[in-house]
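Novice: I am attaching a structure below and will ask some questions about it afterwards.
None of the figures in this text is laboratory data; all of them are computed from the coordinates on show. Quick caveat: nothing in here was measured; it's all calculated off a predicted structure.
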Amino acid sequence: MADPENTTDAQSWSAYWTGAESANQSLAGGAKGEALDRFWAAFFAERLNEKPRLMIDLACGAGAVSIRAAEMADSAGVSLDIHCTDYAPAAVRSLCKTVDAAAGFVADASALPLPAGVYDIAASQFGLEYAGPEAFGEAARILAPGGVFAAVIHLKGGGIEAECAANLEVAVKAQQIGLLAQARDVFETGFSVLSGQAPREKFSEADKAFRPTVKAAKSLLDESPPSMARAFFERLCADLAHMYQRINAYAPDDIRAWLSRGEFELKAYEHRMISMIKAAQSREDMAGLADRLRAAGLTTAPPGVLELGDPLKPAAWTLVAHRPASGGG
């Protein structure tokens, strides 16, 4: 188990992709999939033809783009070899299990271990921007003559960024309360009482000292609007209460492991929300990314905006670029 205080971004995202329920969910929730699917369906409908193609899904996550591409290629009877890469090993493993044609490797998208001019299609959904502007230069470098690059990118000031900020606030407050750390002390006292090493009064004292922390956790849930972070913390509190009321039914090591995992998941959640907010791109940022692609010999269309969520709100940029068939630099 990783130390919650030393959790890295790679560990945070690996934890997320290991537990992801569906590759078709966007990073901030699954309700946004339809607009994303329409974008990729239109993109692949134009790009897939009878010519065998090689595609790479950059910063692939659980592989929503690869899955859509594979489905459309199969329906059209088109040969499409799909490669995928991400710096979270769990994401690559998950996608390679889901898409039979996928060949995956772990790498930082800003420094790809790949030769230039290889791929007919390079794509990314809510991923490449995490690796910084250099990753867009790398995407251009590996694109073959006549190839096309497409990305869906977090929009600064958009709906997903606002959702992440709300989730981050709950995750930070939940950790500040210290529910799991204090619960660990109470459980340890309970284990001592159950083993006969401490009198029952010790547990009563520990329980009394724990009550203000439990009250603070309940207040956070009552005061927080619905969000994924609130739902996560609510489930954590419910599971904790269940074990607390039935402490003699659990092995001490199982409870200790659960508490450690909970602390890690809260810290990892905080990491993910921070990284998502930092990855969001402004209009000026998008102009810089387009300039980088053009400097690498690609022609770019003006960035588009996707409205996602319910109600619909501007939430993501779309960026499409082509390398001329002649090579173009």
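Novice: Which entries of Lys278/Lys313; Lys173/Lys278; Lys156/Lys215 show an alpha-carbon separation above 26 angstrom in the structure shown?
Specialist: Lys156/Lys215, as the Cα separations exceed 26 Å there.
Novice: Return the inverse of the average 1/r over all pairs of distinct C-alpha atoms in the range 161-276, which is the Kirkwood hydrodynamic radius, in Å to one decimal.
Specialist: For the range 161-276, the Kirkwood estimate is 15.0 Å.
Novice: Dimensions of the chain along principal axes (Cα, Å, largest first)?
Specialist: On the principal axes, the chain reaches 82, 36, 33 Å in Cα extent.
Novice: Moving on. Between the range 255-327 and the range 34-57, what is the separation of their alpha carbon centroids in Å?
Specialist: 19 Å
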